[in-house]
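Engineer: Once you've had a glance at the structure underneath, I'll fire off some questions.
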Number of protein chains: 2
Amino acid sequence: MLGIQEVARQLDVTMRTLRFYEDKGLIAPQRVGTTRIYSRREIARMRLILRGKRLGFSIREIKEFLDLYDVDPEHVAQARQLLMKIGERVSALRKQKRAIDQTLEELRLLERQALTLIDGAATARNDDENKHDD
Amino acid sequence: MLGIQEVARQLDVTMRTLRFYEDKGLIAPQRVGTTRIYSRREIARMRLILRGKRLGFSIREIKEFLDLYDVDPEHVAQARQLLMKIGERVSALRKQKRAIDQTLEELRLLERQALTLIDGAATARNDDENKHDD
DNA sequence: TCAATTCTTTCCCTATACGTCAAGATAAAT
DNA sequence: ATTTATCTTGACGTATAGGGAAAGAATTGA
């Protein structure tokens with residue numbers, strides 16, 4: 001049973017973030033008076049949330065997972081929805097990668113153009129110098 | 001030389017978007033009085049902008065790109081700077097790709113877990129049915 | 001017991017990429 | 001000349017994921 005500050009430090013998030021997720025209904029720490037107290041369960045939930053974030057899911061999507069998790073102790077329905085979302089995410093990421101590759105290709109082109117230009121200028125300068133050498 | 005509406009239709013964007021990009025300094029159509037007039041150059045720039053958008057870049061990033069194209073490659077020093085910026089861009093994009101690959105890897109893991117769980121549940125259900133079949 | 005922390009809620013702020021009015025100003029058409 | 005159409009600027013709205021500061025309540029330490 002930890003205070004908000006301790007949890008924030010352990011998870012490397014700010015207290016604001018913990019309150020924010022609570023406000024969004026992702027966690028619900030107990031209270032002692034008005035003060036928030038985090039059980040091991042809440043912290044485990046937070047770790048799930050943070051992983052979801054790392055994987056690029058929105059808070060709303062993460063909430064959907066968690067809600068389902070609560071309603072479905074068998075986890076089967078949850079797993080199915082998770083699979084769907086994973087599929088979406090994977091194809092989005094692959095699309096992003098293709099876009100990056102195209103851009104890299106374009107940049108390589110532009111790079112070659114710049115190099116050619118610089119090289120051309122250097123050659124012209126050398127020609128000029130050689131002319132003086134005559 | 002086209003009016004804003006015609007350009008918007010040709011490029012399939014709204015007039016608001018054209019004004020927005022102008023406000024952000026990405027394009028600078030001429031004016032006849034207060035009315036915007038788009039030359040072929042502006043439209044070409046717009047096509048570059050839209051390509052950047054399709055590739056998932058922010059407007060700020062696209063502006064940097066356009067500024068790069070603007071760095072008139074007549075001058076060698078400017079071409080060198082162009083090369084530098086291209087280098088930065090390339091390594092940024094490669095880093096992004098690596099991040100995406102890591103995320104994809106994690107997603108694959110999660111996917112396998114979900115599949116295993118669903119499969120396990122199905123197997124359990126079938127066992128249950130078979131039990132009834134006895 | 002009094003002051004210093006800690007914690008709380010509330011509210012406004014940020015950035016991104018426009019959408020959506022609103023109110024004027026022009027321009028074209030009749 | 002007047003209506004209608006087009007264009008202009010300005011400003012507020014939207015979603016996301018919190019940041020930051022104010023101001024009051026509760027706890028802790030000397």
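The values are calculated or read from the model by the stated rules, or taken from the named source; none is laboratory data. Since the structure is predicted, the reported quantities are computational estimates derived from the model, not experimental observations. Please note: Cβ atoms are built from the backbone with ideal geometry, for glycine as well, and neighbour counts cover all protein chains shown.
Engineer: Of the residues that sit in the stretch A:22-48 and are part of a loop (DSSP other than H, G, I, E, B) and among the hydrophobic types (A, V, I, L, M, F, W, C), which one is nearest to DNA strand D (Cβ to nearest atom)?
Structural biologist: Out of the qualifying residues, it is A:Leu26.
Engineer: Looking at B:Glu74, B:Glu61, which one is at pLDDT below 85 and either within 9 Å of another protein chain (Cβ to nearest Cβ) or part of a helix (DSSP H, G or I) (or both)?
Structural biologist: B:Glu74
Engineer: In this structure, is A:Arg54 in contact with a Gly (Cβ under 8 Å, 6 or more places away or on another chain), among the basic types (Lys, Arg), away from DNA strand C (no atom under 16 Å from the Cβ) and closer than 30 Å to B:Glu61 by Cβ?
Structural biologist: No, not satisfied.
Engineer: Here's something else I'd like to know. Only one of B:Glu88, B:Glu42, B:Glu61 is within 26 Å of A:Ala114 (Cβ to Cβ), in contact with a Gly (Cβ under 9 Å, 6 or more places away or on another chain) and acidic (Asp, Glu); which?
Structural biologist: B:Glu61
Engineer: Then there is this: If B:Ala79 satisfies every condition in (1) within 30 Å of B:Glu6 (Cα to Cα); (2) surrounded by 15 or more Cβ atoms within 10 Å (Cβ to Cβ) but one, which is the exception?
Structural biologist: Here B:Ala79 meets the rest and fails (1).
Engineer: Which pairs turn up if I take residues in the stretch A:91-116 that are within 26 Å of B:Glu105 (Cβ to Cβ) and look for partners that are surrounded by 12 or more Cβ atoms within 10 Å (Cβ to Cβ) and hydroxyl-bearing (Ser, Thr, Tyr) with beta carbon separation below 9 Å, at least 6 apart in sequence or on another chain?
Structural biologist: Final answer for the pair search is A:Leu93/B:Thr103.
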